Amino acid sequence: STSAATARLRQRVAVIGAGPAGLSAAYYLARAGFAPVIYEDLPVPGGMLYVGIPEYRLPKAILRQEVALIEREGVEIRYETRVGRETDFAEVLDEYPAVFVGIGAHAGRGLGVPGEELRGSMDAIDFLRRVALGETVEVGERVLVVGGGNSAMDAARTAIRLGAEHVTVLYRRTRAEMPAWAEEVDATADEGIELKTLVAPKEIVRGPKGEVKGLICTTMDLGPFDSSGRRKSVPSDKPTQ
């Protein structure tokens, strides 16, 4: 009946996470007549769009404009409300007839080498998030970035913008195998960022005050192709750096 359809279309739906997936789901649910309520851990919308992509690549004002359009469709966003902390997941399941979970992948991967716990060592995801949220991040004069993906390029270029005088990107394969977009790698070179390839981290050196003093790297060579379709990096007979 018409009344039953109206009741269905007015039902609230919970969406956990205001990242790209959660915002998209909420938008289309609202367009279909539902009333989505987004629970977001961060104080800002967009998830990794906001805290993972630097301002110079995706201006925050543009992102907020897009989110405002989504809200105008009838989407409610509850910021700093983490399911499992401010509200219980079981309560969400009881309150809403449907729940969409889009919590994203906000955790970086560690290097798995000694010294990762030293002051001045952080993963790129955490570094970019802290900068995006306006936190003070001390980078010093010299920065080493380990990795060859877009997040590594973003971290390197962000470090330059924070005042680092010399930034070096270290990658275990050659440039041809780097997963980062070619234009991003070119941009790092244009900004004076050094790229050293065929090196893999072995140990982070501890300074006298428990800070990062340096990085010992193993020299690598390219071996046979692996499951990613790229040549695998294998330790070389050459000395460490």
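The values are calculated or read from the model by the stated rules, or taken from the named source; none is laboratory data. Fair warning: this is a prediction, and the values are worked out from it, not measured in the lab. Glycine gets a Cβ as well: all are built from the backbone with ideal geometry, and neighbour counts include every protein chain shown. Accessible surface areas use protein heavy atoms only, side chains included; no ligands, DNA or RNA. Shrake-Rupley method; radii C 1.70, N 1.55, O 1.52, S 1.80 Å.
Details
- Summed over the range 49-59, the residues that are free of Cβ contacts under 8 Å to residues at least 60 places away in the same chain and crowded, with 16+ Cβ neighbours inside 10 Å give a count of 1.
- Of residues in the range 64-85 being out of contact with any strand residue (DSSP E or B) (no Cβ under 8 Å at 6 or more places or on another chain) and not in a loop (DSSP other than H, G, I, E, B), the one surrounded by the most Cβ atoms within 10 Å (Cβ to Cβ): 70
- In the range 190-241, residue most open to solvent (accessible area, probe 1.4 Å) [restricted to those that are part of a strand (DSSP E or B), free of Cβ contacts under 8 Å to residues at least 24 places away in the same chain and polar (S, T, N, Q)]: 218
- Of the helices (runs of 4 or more DSSP H) lying entirely inside the range 86-165, those containing at least 3 residues that are crowded, with 16+ Cβ neighbours inside 10 Å and touching a helix residue (DSSP H, G or I) at 6+ places or on another chain (Cβ under 8 Å) are 124-132, 150-161.
- In the range 47-63 there is no residue matching the filter, namely being farther than 30 Å from residue 162 by Cβ, in a loop (DSSP other than H, G, I, E, B) and in contact with a Ser or Thr (Cβ under 7 Å, 6 or more places away or on another chain).
- Hits in the range 123-157 - residues which are β-branched (Val, Ile, Thr) and touching a Phe, Trp or Tyr at 6+ places or on another chain (Cβ under 7 Å): 137
- Candidate set from the range 11-36 (those that are open to solvent by 40 Å² or more (accessible area, probe 1.4 Å) and in a helix (DSSP H, G or I)); member that is farthest from residue 100 (Cα to Cα): 31
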